[in-house]
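The values are calculated or read from the model by the stated rules, or taken from the named source; none is laboratory data. Just so it is clear, the model here is predicted, and its values are computed rather than measured. Heads up, the Cβs are rebuilt from the backbone with ideal geometry, glycines too, and the neighbour counts pull from every protein chain shown.
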Amino acid sequence: MVDVRPARRGTFLPDDGQESLTELAEIVWRKRFSTFAALSQEIVAAVPEIAEDTGFASHAVGVLSDDQAKRRALVSDPAFGAWVNLAIVAANKLLLDPSEGRNEIEGLLRDFAKLLQRISEHEDGAGRTIPGTDVLVERFDIDPLIARVTPPSYTFTQDEEEQRRLVQSGFSTAFFRDVAGFALRRIGAAWPECYQYVTRLVRIVGYLPDADFRSCSASRYMGVIYIAARDSSILDLEESIVHEGGHQLLYTVVDMSPIVREDAEGGDFTLPWSGQIRDFYGYFHAFYIYILLATYMHRVATSTGKLHTEVDRSRARDRMSFIVRGLQRAVEDFRDNSRLTPFGRSLVDSLEGEVDRLMSAEGVPAGS
């Protein structure tokens, strides 16, 4: 197979370089901090007595006046992001109907101090991180705010007896942490830049063996990926991790600038890889993710390290071929598509180059 590793810019894929992710992360964290600053001021102005009584007003001032490193760590925590998203919804309800939104906002403000304490405990990790990373592996010990925003992806039972039953069925979280750590090491061996992206963007891996999906993530609990451990091999688990890590990357890109016009997100599109139906935004996500996955499979297929076997390399070549055939069909749906924002069109132009390179690696002439 032809090697596909030239320097690239404009795609935000791992080969764009770590400086690309650093620049993107800098923009996004500042935007999120500004959102919290504006939101907290709006809440204090709207319900000053509740903000004072719950201690939120003083805690918010503490957050806003903290040093930059602490502010950045705080707003990057998935639980903090979940709180902000819930608070935005509650604040909007409060403005539209004070009688409806008051109790909801009061509950969130009362939980804010507890949230800050929980986040400080997240940073400690208490032996729950994948060795060599800051990535936590959690199950029913996941932050309650993250559990609250996870449905309909998955609903965490609050019944302690049911939790114990589920924990006792299947592999333990500690065992899965070891397996996920091995999969990450293999990712690092095949594509070091991708490993760096995943371990920077994924803060929590939720282990959900009773879920009805293989893997899952969503922007409303950004920084968290869920894996059900239904993969049939370590290579499949690597694909799941890279797949969901790619969604985190794209959520971050979209947080910086919209890709799809707000008035053009609908439509039914059949994914070439699975036959599933998605709207245009979902289709774009799939297009981006499968470019990432094809590139990863190419890295595995051309790897010479000992962590991947010849069987892995053969399976990776087959998987790459299948994905590239789908990309060849999908790229036509995005070229010059009026549903894209100017930024989205620029990104698609850059991604077309990636598809051409992958097709070349497969021996398919570009544009055929």
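Listing for the model above:
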{"item": "Test: residue in segment 142-161 that is under 30 Å from Thr304 (Cα atoms) and exposed (fewer than 14 other Cβ atoms within 10 Å of the Cβ)", "result": "no"}
{"item": "Hey, Gly223 outside the structural domain of Val75 (by TED's automatic domain parsing), closer than 22 Å to Asp236 by Cβ, surrounded by 14 or more Cβ atoms within 10 Å (Cβ to Cβ) and not aromatic (Phe, Trp, Tyr) or not", "result": "no"}
{"item": "Flag for Ala301 being crowded, with 22+ Cβ neighbours inside 10 Å, in contact (Cβ under 8 Å) with a residue 12 or more places away in the chain and out of contact with any Asp or Glu (no Cβ under 8 Å at 6 or more places or on another chain)", "result": "no"}
{"item": "Helices (runs of 4 or more DSSP H) wholly inside segment 111-198 containing at least 2 residues that are in contact (Cβ under 8 Å) with a residue 40 or more places away in the chain and out of contact with any helix residue (DSSP H, G or I) (no Cβ under 6 Å at 6 or more places or on another chain)", "result": "173-190"}
{"item": "Only one of Ala57, Ala79, Ala45 that is over 19 Å from Ala25 (Cα atoms) and either aromatic (Phe, Trp, Tyr) or in contact (Cβ under 8 Å) with a residue 12 or more places away in the chain (or both)", "result": "Ala57"}
{"item": "Conditions (1) closer than 18 Å to Cys194 by Cβ; (2) in contact with a helix residue (DSSP H, G or I) (Cβ under 6 Å, 6 or more places away or on another chain); number of the one not met by Arg357", "result": "(2)"}
{"item": "Residue satisfying condition, being charged (D, E, K, R) and under 30 Å from Arg214 (Cα atoms), within set Asp97, Asp159, Asp111", "result": "Asp159"}
{"item": "Residues that are touching a residue at least 60 places away in the same chain (Cβ under 8 Å) and more than 15 Å from Gly246 (Cβ to Cβ), drawn from segment 268-297", "result": "Phe269"}
{"item": "Criterion (more than 30 Å from Thr302 (Cβ to Cβ), exposed (fewer than 14 other Cβ atoms within 10 Å of the Cβ) and of a type outside the set (S, T, N, Q)) met by exactly one of Glu138, Glu104, Glu121", "result": "Glu121"}
{"item": "Tally, over segment 307-341, of residues that are touching a residue at least 60 places away in the same chain (Cβ under 8 Å) and surrounded by fewer than 19 Cβ atoms within 10 Å (Cβ to Cβ)", "result": "6"}
{"item": "Of all residues making up segment 201-254, the number that are farther than 15 Å from Ala25 by Cα and either assigned to a loop (DSSP other than H, G, I, E, B) or of a type in the set (Gly, Ala, Ser) (or both)", "result": "19"}
{"item": "Options Glu244, Glu238; residue that is among the acidic types (Asp, Glu), at pLDDT 95 or above and more than 18 Å from Leu136 (Cβ to Cβ)", "result": "Glu238"}
